[in-house]
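Colleague: I have a structure I would like to understand better, so I am pasting it below and will then ask my questions one at a time.
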Amino acid sequence: METKIYDASTIDEAAELLRTGELVAFPTETVYGLGAIACDDEAVKNVYKVKGRPSDNPLIVHVADREIAQYVAYVPEQAEALMEAFWPGPLTLIFPMKEGVFAPTVTAGHQTVALRMPAQTQTLELIRKTGFPLVGPSANTSGKPSPTTAQHVLHDLSGKIAGILDGGETRIGLESTVLDLTNTDGPVILRPGAITEVELEPIIGKLAGSAHPADEKTAPKAPGMKYQHYAPAQPVILIDGAAADWEAAIEAYRGKGDKIGLLASEELVAVHQDAAEAVYSLGPKMDVAAASQRLYAGLRYLDEQPVDVILAEAYDAAGIGEAYMNRLEKAASAKYPKK
Ligand code: TXA
Ligand code: MG
């Protein structure tokens, strides 16, 4: 099939495709999602199929407003306050599931369901015009970096899906924070994102846990977080060190005859670009939001370059930096220097 591109002026046509059971990717403020009507079992099964997604990894349902009582077994008190504060926005909430609302494959055997209201006008309009909530896993091939442009979606899924609603580059660039409200000990972050503990705790009090990279071994995880993720074809080495560590790492790989791809701040790129075969700048070192917004585009760019290894720069894991480091640690096969 030919994958058609839609924009703000042709949302009606994209909605019509969804209503006939087709898949249409849509932009959000985080990454592009792969849309299908969440009540259509055939369409949802097709989402797993075209992504190559493991069948035990549940999907997020995207809604166009805060009227969610109809979709879940009950709305915990904290959810009302969180929706008020952060929806539309990059916060996915996990609710107790209500039987028979969504296609069984949406929740992949879990007794809970993930909901999110994205902050993207065209996509909210698409959901409203379709008339049903839409599933929206990231619109990439499973295992690859999530798409932050319509071109990334085409690269992975061209010919496999009916359409893409093109909203340009995504603003945040990393997937939403996933917060579990069904845990008996209290709310837990299953996946870090743009909305962090620091913003959540004033609204709902102390969290019972967080998937901070530092607690990787003990932290609870979203089912999807156990899989290899965000990875280009070449090994990614996470460099978490000072100037001397960068010099040593570059020396070591060059010594082996490896062609180096550099994914780093503009300051580091300026110093080391002559030693690299290809570079992708993440912007100024002080701007971790810019680095987060560019991370997946950079991994995808370097994936296509004739390099043997990708050296990627660590950032301070505060604010959105926590999500940046979480994704980069998952993409990386090793760290340098080893700690
Ligand atoms: O920003 C985002 O969340 C993007 C955009 C498109 O909205 N979507 C996204 O979807 O990242 P996906 O499918 O790539 O990631 C969903 C994550 C997975 O780690 C999955 O395991 C988790 O959410 N998840 C979904 N339903 C869950 C549930 N019922 N319980 C626990 N985790 C769940
Ligand atoms: Mg994903």
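The values are calculated or read from the model by the stated rules, or taken from the named source; none is laboratory data. Fair warning: this is a prediction, and the values are worked out from it, not measured in the lab. So basically every Cβ, Gly included, is an ideal-geometry build from the backbone, and we count neighbours across all protein chains shown. Accessible surface areas use protein heavy atoms only, side chains included; no ligands, DNA or RNA. Shrake-Rupley method; radii C 1.70, N 1.55, O 1.52, S 1.80 Å.
Colleague: Please go through segment 97-114 and pick out each residue that is more than 9 Å from ligand 1 (Cβ to nearest atom) and open to solvent by less than 20 Å² (accessible area, probe 1.4 Å).
Modeller: Within segment 97-114, the subset more than 9 Å from ligand 1 (Cβ to nearest atom) is 98-105, 109.
The answer is A103, and nothing else.
Colleague: Return the residues of segment 182-207 that are open to solvent by 20 Å² or more (accessible area, probe 1.4 Å), away from ligand 2 (no atom under 16 Å from the Cβ) and under 18 Å from V61 (Cα atoms); say none if nothing qualifies.
Modeller: Result: T182, single match.
Colleague: Among all residue pairs at least 6 apart or on different chains, which show Cβ distances below 6 Å where the first residue, located in segment 121-135, is of a type in the set (D, E, K, R) and crowded, with 24+ Cβ neighbours inside 10 Å and the second is assigned to a helix (DSSP H, G or I) and modelled with pLDDT under 95?
Modeller: Nothing qualifies.
Each row is one residue, and each column tells you yes or no for (1) touching a Lys or Arg at 6+ places or on another chain (Cβ under 6 Å); (2) part of a loop (DSSP other than H, G, I, E, B); (3) modelled with pLDDT under 95; (4) among the aromatic types (F, W, Y).
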{"position": "F132", "(1), (2), (3), (4)": "no, yes, no, yes"}
{"position": "S146", "(1), (2), (3), (4)": "no, yes, no, no"}
{"position": "Q151", "(1), (2), (3), (4)": "no, no, no, no"}
{"position": "H155", "(1), (2), (3), (4)": "no, no, no, no"}
{"position": "G159", "(1), (2), (3), (4)": "no, yes, no, no"}
{"position": "T170", "(1), (2), (3), (4)": "no, yes, no, no"}
{"position": "G173", "(1), (2), (3), (4)": "no, yes, no, no"}
{"position": "L179", "(1), (2), (3), (4)": "no, no, no, no"}
{"position": "T184", "(1), (2), (3), (4)": "no, yes, yes, no"}
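Colleague: Further, regarding this structure: Could you check how many residues of segment 56-75 are away from ligand 1 (no atom under 12 Å from the Cβ), in contact (Cβ under 8 Å) with a residue 40 or more places away in the chain and in contact with a helix residue (DSSP H, G or I) (Cβ under 9 Å, 6 or more places away or on another chain)?
Modeller: Step one: filter segment 56-75 for residues away from ligand 1 (no atom under 12 Å from the Cβ), giving 64-71, 73-75.
Filter once more, keeping what is in contact (Cβ under 8 Å) with a residue 40 or more places away in the chain: 64-66, 68, 71.
Restricting the remaining residues to those that are in contact with a helix residue (DSSP H, G or I) (Cβ under 9 Å, 6 or more places away or on another chain) gives 64-66, 68.
Count: 4.
Colleague: Out of the residues in segment 26-37 that are of a type in the set (A, V, I, L, M) and more than 14 Å from the chain's Cα centre (by Cα), which is farthest from ligand 2 (Cβ to nearest atom)? Explain how you work it out, then say what you get.
Modeller: Keep residues of segment 26-37 that are of a type in the set (A, V, I, L, M), which gives 31, 34, 36-37.
Now restrict to residues that are more than 14 Å from the chain's Cα centre (by Cα): 36-37.
Working: A36: 15, I37: 19 Å.
In this case the residue turns out to be I37.
Colleague: It is to be established whether one or more residues within segment 76-90 are surrounded by 17 or more Cβ atoms within 10 Å (Cβ to Cβ), assigned to a strand (DSSP E or B) and in contact with a helix residue (DSSP H, G or I) (Cβ under 6 Å, 6 or more places away or on another chain).
Modeller: For segment 76-90, residues surrounded by 17 or more Cβ atoms within 10 Å (Cβ to Cβ), assigned to a strand (DSSP E or B) and in contact with a helix residue (DSSP H, G or I) (Cβ under 6 Å, 6 or more places away or on another chain): absent.
Colleague: For segment 140-173, what are the residues that are within 14 Å of E22 (Cβ to Cβ) and in contact with a Pro (Cβ under 8 Å, 6 or more places away or on another chain)? Before the answer, list the steps.
Modeller: Step one: filter segment 140-173 for residues within 14 Å of E22 (Cβ to Cβ), giving 157, 159-165.
Hit for segment 140-173 is L165, nothing else.
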